Structure formats: structure tokens, C-alpha cells
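Working notes, structure below.
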Amino acid sequence: MNQDRQRFPSLGSPAVEFSEDDLALLHGLQIAPRAPWLEAAEILGAHPATLARRWERLRSAGLAWITAHLKGDPAVMVLAFVDVECAPGEREAATAALAAIPEVQTIDVGASHPDLALTVFAKSLVECSETVLPLIAEAPGVRRVQTHLCTRLHSGGHSWRLAALDRAQIAAFSELARVEPFTGSVPSGCYDLLPILARNGRASAAEISRELGRSPATAHRQLTRVVGSGMLSFRCEVAQARAGYPVACKWLAKVPPGQHAAAAAAIGGLRNLRLVASTTGQTNFTIMMWLRTVADVMTAELALQERIPGIELVESVVMLRAVKRVGVMLRPDGTTTGEVVAAPALID
């Protein structure tokens, strides 16, 4: 088992509802989401058809899924964290309305303030301030909105791993994840592939050809360009609680200016990390982790303080559940409904 990254052991941890074979497959797909079954089978010592059936079982049950989404790089777009306060008794109505907004990519329900924590993608500050934020503020049940702009995304959910593979297997899947880079301008027709890949990050050129009514050669060329451009982040996600991590906690913190990169690197070995970002606002550093129990919140805080000298943990919020994660709609138990509200292409 890979021991490179530290996790927080807990007494009475929730049961993991995946088999060891499931976890190995999912870890491999987290590293190389589009890995061919033949090559993946060689690494895992299984038959390709067995892996395909296993994946289809997990996918059809909503326990795991592969999606593709814009990377959320603050250098090329606006990535905002928006806290929403709802009117009493109106949180469900607000959640339903906000989930339908494509730019609202992730929605977490807080156990305390805020009622809802949103992750928003926008093309520009103008679009964010004049179009997206007013849509959020005007949604039924929304009483107050507070926005923090991300200035640097140090780590995201796409880099979270289950740690079910050994080092050799990790290295082999990492090789499968390598793609031929495409450095030219991505033709506008390629953006038609984004909604398809958001629904199914493993979609083949043949599937894309059939859905878009394009020749197989054209679909293959466009898919290669989109994947090679690096504009998308492909990720294999799992139902959070079923994987044994039912608790999500977010911290708003202060880190001395100029020390953000070092702080992110210092906690990079914590396997529970789901988000590390520098932001604007009264706090300037946001961290999110998936944990096994609420008791692990204190353990995590101690680890953060030990690894980042001078960090001030201003506020912590435990999330009751996720409603939407990078466009993918979730049930209360964390499994996916299969519905995807993909972000707009964010191109001129």
C-alpha cells in the first residue's frame, strides 16, 4: 500500500462500501481517468472485461463517475468561492435554484454559517459581478451573499487519491495518464465535446462521432486536441461517504503574505486534502478535507498548525452534504443522479 501521504486514523471509522478490487480500480482511474481497459488490466492483474464490468457496476449505481471540467485556473478565468445565507426554511428552494445555474459548479450544504458554499466559474470579473452573482443573489430563498475570489488554486479535488495501489502500480498508471500535448489554438468546434466529456469523461471518439454526427476521423482529431490542450481536468470521483469519508470540513485561514506556496507544499502530504486555495478577503487561505469522523476535525487542525507556522485558523465549517460537485448532481447519500449541469465553455 502507498504510504507517501499521511491520513488521519480514527477509532470507529465508518465502513468502506467498496471492495479492495474496486478501490484499486478507482485509484487507477483517479490517476489515469481515460486509461484503456487492456493496459489497466495488465497493471492490476485482471482481465479487461472484468474491469469494464466492474466499472459499469460502480458507474450505474452512482458510486463512481468520471467527468471533465474546466481547470478553474485563476490566471485564465474567474474562480470564486461564494457563501450564501438563506432565509429561514428556504434552503432547499435556494439550493434547487442555484444548482440550475451552470456557472455554479459546486454546492456544499453547511452545518452552520454559511448555509451553502458555492464554487463559481466565470469568464471575467465583469461577467461574475454583473451576471453570475446577481443570479445567485436573486435566487429564491437567498438572503445574503459573500464572495472570495481565488487568486491561486494550489490543489483541487482532482488530485485526491484513495491510496489503494503500490508504488509500481501508481507509476504505471501515471505513464498511462501521459498525453501528447497540443499547443495550438483549440478550434471552436472542439468545444462541442465539452458537455459530452462532462457527462462521461471516458467518452470515446466513436461515441462522440455518433452523438455529434461527425466523421470518426474528425471526432478523433478534435478529442485529441481537447485532451492534449490541458484545458480540462479529468477526474474519477467517488461517493464520499461510501468511500469511508462522510465528513467534509472547510477552514478559512490567514497565512502571512508570501508564504502561501510554502504553506500549500507543507500540507501537500496530507491525503485527506480536497482543496487548498489562496483567496481575497479577510481570510486569504482556504482548505478543505474529507475526514472519517467529526473527531478528526481537531486532529486535522493540529496537523495544519504543526505544518504551517503562523497559520491562523479563523473559521471551520463542517459540510452536511454536497449537492453538486463540478457540475455533477448528487443525491443526499453522495451518489450521483447522472445529471450534469456543465459549466459554459467560457470562450469569446
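Partners of K123 within straight-line reach, counting aspartates and glutamates whose Cα lies under 12 Å from its Cα and excluding those fewer than 8 residues away in the same chain: D73, E103, D348.
Which of F234, F173, F18 ends up with the largest GNM mean-square fluctuation for the chain, with Cα atoms connected below 10 Å? Largest GNM mean-square fluctuation: F18.
Residue separation of R167 and V76 scaled by 0.36 nm, minus their Cα-Cα distance, works out to 29.3 nm of gained length. Solvent-accessible area of segment 178-307 (1.4 angstrom probe, protein heavy atoms only): carbon and sulfur portion equals 54 percent. Within a straight-line Cα-Cα reach of under 19 Å, K254 can be paired with the following aspartates and glutamates, leaving aside sequence neighbours fewer than 8 residues apart in one chain: D83, E301, E306, E312, E315. Shown for segment 13-101: the carbon plus sulfur share of the solvent-accessible area, taken with all protein chains present and a 1.4 angstrom probe, equals 54%.
Normalising the Debye intensity of segment 98-211 to I(0), with uniform scatterers on Cα atoms only, and taking log10 at q = 0.10, 0.20, 0.21, 0.23 Å⁻¹ returns -0.52, -1.25, -1.28, -1.35. Taking amide H atoms as placed 1.01 Å from N in the peptide plane, the amide H of L270 lies under 5 Å from those of Q6, each 5 or more residues away in sequence or on another chain.
For segment 196-210, putting each phi into the Karplus relation 6.51 cos²θ - 1.76 cosθ + 1.60 with θ = phi - 60° gives couplings of 5, 6, 5, 6, 8, x, 9, 3, 8, 4, 5, 5, 5, 4, 5 Hz, in residue order, rounded to whole numbers and with x for Gly and Pro.
Answer rounded, prolate or oblate for segment 138-283, using the Cα gyration tensor with square roots of eigenvalues a ≥ b ≥ c: rounded when a/c is under 1.5, else prolate when a/b is larger than b/c, else oblate. Write out the running numbers ahead of the final one.
Numbers: a/c = 1.85, a/b = 1.47, b/c = 1.26.
Because a/c hits 1.5 or more and a/b exceeds b/c, segment 138-283 counts as prolate.
Think of it as helices only: each DSSP H run of n ≥ 4 in the chain is worth -39500 (n - 2.57), and spread over all residues that comes to -8500 deg cm²/dmol at 222 nm. The residues of the chain expose, per residue, 44 Å² of accessible area to a 1.4 Å probe. As an equivalent ellipsoid, segment 24-123 spans semi-axes of 36, 18, 11 angstrom, where each value is the square root of five times an eigenvalue of the C-alpha gyration tensor, largest first.
Want the number for T299 to R57: 0.36 nm per residue separation, take away the alpha-carbon distance, what's left? Could you put the intermediate results ahead of the total?
On the way: separation 242, 0.36 × 242 = 87.12 nm, distance 3.52 nm.
Gain on stretching T299 to R57: 83.6 nm.
The shape of segment 200-335 comes out prolate: with a ≥ b ≥ c from the C-alpha gyration tensor, a/c is at least 1.5 and a/b beats b/c.
Residue separation of V126 and A96 scaled by 0.36 nm, minus their Cα-Cα distance, works out to 8.3 nm of gained length. Ignoring lysines fewer than eight residues from K250 along the same chain, the ones with Cα atoms less than 19 angstrom from its Cα are K324.
Can you tell me the equivalent ellipsoid semi-axes for the chain? Use √(5λ) from the Cα gyration tensor, largest first, whole Å. Working shown, then result.
Values: eigenvalues 183, 135, 79 Å².
Computed over the chain, the values are 30, 26, 20 Å.
Near T218, within a Cβ-to-Cβ distance under 13 Å, what is the net charge of the other residues, with Lys and Arg +1 and Asp and Glu -1? Net local charge, T218 excluded: +2.
For the chain, what relative contact order do you get, as a whole percent, if you take Cα pairs closer than 8 Å and at least 6 residues apart? Present the calculation step by step, with values, prior to reporting the outcome.
Working: 669 pairs, mean separation 98.2, N = 348.
Here the relative contact order equals 28 percent.
Count Lys and Arg as plus one, Asp and Glu as minus one, and take only other residues whose Cβ is under 12 Å from that of P48; the net charge is then 0. Cβ-Cβ distance of A217 and E42, R₀ of 30 Å, FRET efficiency by 1/(1 + (r/R0)^6): the value works out to about 0.60. The separation of segment 116-170 from segment 246-310, counted between C-alpha centres, amounts to 16 Å.
If you sort H220, H27, H158 by accessible surface, 1.4 Å probe, largest first, the order is H220, H158, H27.
The values are calculated or read from the model by the stated rules, or taken from the named source; none is laboratory data. Small disclaimer: the values here were computed from a predicted structure and weren't measured. Note: ideal-geometry Cβ built from the backbone for every residue, glycine included; neighbour counts use all protein chains shown. Side chains included, ligands, DNA and RNA excluded: accessible areas come from the protein's heavy atoms. Shrake-Rupley method; radii C 1.70, N 1.55, O 1.52, S 1.80 Å.
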